[in-house]
Every structure is written in structure tokens, then in C-alpha cells.
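The values are calculated or read from the model by the stated rules, or taken from the named source; none is laboratory data. In this text, all values refer to a predicted model and were calculated from it rather than measured experimentally. Every residue, glycine as well, gets a Cβ built from its backbone with ideal geometry; the counts of neighbours run over all protein chains shown.
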């Protein structure tokens, strides 16, 4: 980089954070990791830190600062649902054990063999494109 450009960049003061929640980012992330709801976090911030913010403000703050979760979820979706999405070590939603258990149960259901009843079931409906549609008579 040119020395004059570097001098300009070095002379600029650091940009202040855009969110007033920025100083509490670590606290908020840890509370989410421990399973606290956004409403509880907003209440804790108001009571203990003197910062009054809305629930949606906390939600948006967490959502914007968790790109690893977005990338992991997108990668899992495109890879074809074989395994649960990885949280990259920074899971904020809490309940990872429950989520892993749900994924295991889903995979077990997918692997379960089809029952004999559904395989030998008689056709209920037959479509012939050359014949008009009719309502069949009820069998007694």
C-alpha cells in the first residue's frame, strides 16, 4: 500500500461501536449459550447493567453477530440432511444436546424399514387419461 494512504489510515480515530450492546456482547453470548431467552437477557441487562433495550434489539444483536451459525446451517442444508448442523464451537441457542437427540431420532426414523402393510396395500385410485372421470359406486 502507498505510504500516503497508510498515513491517512493510521491518522483516523477508531470507529465507535454502532450498538450500545457491544460492550455486553460477551455477556449476551454467554447467557444465550446457557439457554436464556432474549426476554430474560433484556431483563438482566436492564436490572444489572442499566441498559434498557427491547427483546428484538437483543435478538437482532445476537443474530447479526453469529455468521458461523448461518454458514453451518446453510452448509448442512446444501449437503443433504445427513447430520445435524455444526455450530462451530460458538453455539448461542443452547440445548445442543436436545438438538442432537432430535437429529438422531429423525435419522432413526428415516432408516426404519417400510412396514409390510404399506407395501401390499391395494390401489385405491386408478387414472386412465383416455377415460372420463367418474365416481365409483360404493361396495357394500
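Looking at the range 38-60 only, could you name the residues that are in a loop (DSSP other than H, G, I, E, B) and free of Cβ contacts under 8 Å to residues at least 24 places away in the same chain?
Initial filter on the range 38-60 (in a loop (DSSP other than H, G, I, E, B)): 50-54.
Residues satisfying the conditions are 50, 52, 54.
Are there any pairs with C-beta distances below 8 angstrom linking a residue in the range 11-37 that is at pLDDT below 90 to a residue that is assigned to a helix (DSSP H, G or I), with the two at least 6 apart or on different chains, and if so which?
Sorted first by the residue in the range 11-37, then by its partner, the pairs are 17/23; 19/61.
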